[in-house]
Amino acid sequence: MYTLRAELERGQYVPGELIRGRIKIIAEEDIEHMTVKVGPEWKVQGFYTDEVWVNKHTVWDGPVSKGEHIVPFSGTTPNGPFSTKGTNIEIKSFIVVDADAGGIRFLGQPGKRRLQVLFDLEPGPITEMPGHYRVALNMVEKATIFESMLLMFRRTMDYKFEIEPSNFPPNEVTPFEVRFTPSKNFEAKNMRFHIIGTEWFKVPRHNDRGLQRNYWRKATGLVIAVDLNFGTNNFEAGRTYVGRGEFLAPGVCSASFSSNRFEWVARLQFVGDYTIDHSEIISVNPPLSPFSL
């Protein structure tokens, strides 16, 4: 039999930061062979629980003599998702230690052990973090929904739309460009540009026959209005117009799991002779490498 313990240097890290820890193996007798693997894991807890594994690495593979043994390990923290406590989604980060000494644990043999060491993955730097995205449906979003209903009854047109870059680092001010090419001449009397983050979760429900079907439900929304200047309200067909702005992305990473997700979209609205209501998916993630040893 043996006892397994693990600890990290501290409890908070940022993406791409070196994370160090150690594993203590206390063997009550000589063990012929043991394999110990270490790697990060995150769990999404809400209506469902999802686990996502990144690479686990072997830090011990061989015999273990009776007594105490210290096995250090280190690696780079993953991109995300960040540790999150949302309205319906909670994301927890762990360093997981899996040990296998063969045999069956409950029959007095060494068997397998698993440890989970909890840590917080923050956007960084590690300071007092601002409030998260736990916001109710606000008046800006209500107005946007109402306008969307009105847009259904207006004339629409073909156009090309691009946003660059498509990824924004969290907690940083990032300049971006929106390129817009209309297919017809028109005058825009009202222009709005929003970047919208939305938390979704999958909810089971039963139909009349008792069969379970899942549907996505919106939990919270974060609407950020961004100033975007094209330099004119009169647009010519076939000409490409460039609007520039800046986006301060909060510390809320884009995340997608089987039952929970947080997505970001950029939404452009023109109301005038013709109507344009376009949404483009963007991401909020730090540009860092995944966990590695």
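Numerical summary
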{"read-out": "Additional length obtainable on full extension of the chain from residue 43 to residue 166, 0.36 nm per residue less Cα span", "value": "41.6 nm"}
{"read-out": "Amide H contacts under 5 Å for residue 16, placed H, 5+ residues apart", "value": "77"}
{"read-out": "Amide H contacts under 5 Å for residue 6, placed H, 5+ residues apart", "value": "24"}
{"read-out": "Added length on full extension, which subtracts the Cα-Cα distance from 0.36 nm per residue, residue 248 to residue 100", "value": "48.7 nm"}
{"read-out": "Where a label projected 7 Å from the Cα of residue 112 along Cα→Cβ would reach, residues of the range 7-37 with amide N under 18 Å", "value": "33-37"}
{"read-out": "Under 5 Å, built H, 5+ apart or other chain: amide partners of residue 273", "value": "187, 189"}
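Where a number appears in this text, it was derived from the coordinates with a stated rule and is not lab data. Everything numeric here is computed off the predicted structure, so don't read it as measured data. Glycine also receives a Cβ, built like all others from the backbone with ideal geometry; neighbour counts cover every protein chain displayed.
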